[in-house]
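Only the coordinates and a few stated rules stand behind these numbers; no lab work does. Not measured: the values here are computed from a predicted model. Cβ sites come from the backbone with ideal geometry, for glycine too, and all protein chains shown count toward neighbours.
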Amino acid sequence: MEYGKLIGAAYRIALHNWRLWPFGVFAGTGGFSFNFQFDTGDTDGGLADVDTGVIVAVAAIVLALALFAVAMSVISQGALAEGVAAIDRGEERRFRQALRAGLAVVWRTVGLYLLVALVAVALVLAVAIPAGGAVLAVFAATDATAPRVAVAVLAGLAALGALVVLLLPLLPISQHAIRELVLGGDRPVAALRGGWGVFRANLGPSILVFLIQQGLVLAAYTGIAIVAVVMSLPAIVVLVATGGGAPGIVVAAVTALIVLPAVLAAAGAVGTFGHGLWTLGYLRMRSLETRSRA
């Protein structure tokens, strides 16, 4: 497989198909966590003085946005996989067509997500239980500090190494599996089995595509972040200089209206490229398998 051509094809698809960018924004979303800290000791200000209805309303808005992002993440997997594959065949894909493709497989995609999560939990338990059992056995057998520390450290390092070896392959396997589901029409269990089959038959190419995709996407997102900070610096300077006054707020708001859409567009293009690279890689690997069998 020619990786330079693969990267070039994914780049051209992402560059010339901006209608897929909204899905690219969410395609790499893996999950969300929200950490709220309440200082109950401050009774003179802060949350004690905030109306409960406001807190509930803000929490509801945050929850709604989180659910929307998760839903779009699931939909985007099918939308981009089918869309990129269609464009690779010489067809055209608009936003509505891609959206319909994502919605058509949304529940199967959710099922695959849950199945992969269960496999990951099972692998973690398979490593954690023996490692924890060994540590508990030593702690029960002796009160000496040195053996306890030695066994705990060794068990921890062994468990960490085992988890890396067992869990990392799940990433490329799940990438193949989602395309088995979307493009092959498989159910979650069959898709995961098929993803494992593609990974096993194309071990080297799968790992290389994974490393290339991760490296390029990480570099691109880092560049986007740097550019966004540089573009925001004048607004930050004005905001600090005015002590958070009205002129600074106006400049910050105008800057946000310029920077935020640009960042979202760039992130959508990068997400489309990363997802497209996997889809094209999957299609090439499947094509090589078909040719080898023939």
Exposure rule at most 12 other beta-carbon atoms within 10 Å, DSSP loop trypsin sites (Lys or Arg not before Pro): the chain longest free segment: 95-294
For Phe68 and Leu168, calculate 0.36 nm times their separation in residues minus their Cα-Cα distance, and state this gained length in nm to one decimal. 33.2 nm
Using Cα pairs under 8 angstrom and six or more residues apart, how large is the relative contact order of the chain, in percent? 30 percent
Pseudo-spin-label distance Ile258 to Asp143, built 7 Å along Cα→Cβ, given in nm, is 7.1 nm
Cleavage-rule hits (GluC sites (Glu not before Pro)) in region 81-172: DSSP loop, at most 10 neighbouring Cβ within 10 angstrom: Glu91, Glu92
To make sure I understand, if each residue's beta carbon is the centre and we count other beta carbons within 10 Å, what order do His16, His275, His176 fall in, fewest to most? His16, His176, His275
Given an 8 Å cut-off on Cα distances and at least 6 residues of separation, report the relative contact order of region 214-280 as a percent. 38 percent
What would the Debye equation give as log₁₀ I(q)/I(0) for region 146-277 at q = 0.20 Å⁻¹, counting only Cα atoms as equal point scatterers? -1.10
Hits for the chain under the membrane-span-like helix rule (DSSP H, Cα axial span at least 27 Å, Kyte-Doolittle mean at least 1.0) are 52-88, 106-141, 145-167, 203-241
Max mean-square fluctuation residue, GNM over the chain, Cα-Cα springs under 10 Å, options Ser76, Ser206, Ser232: Ser232
Cα centroid distance between region 242-264 and region 152-185, in Å? 42 Å
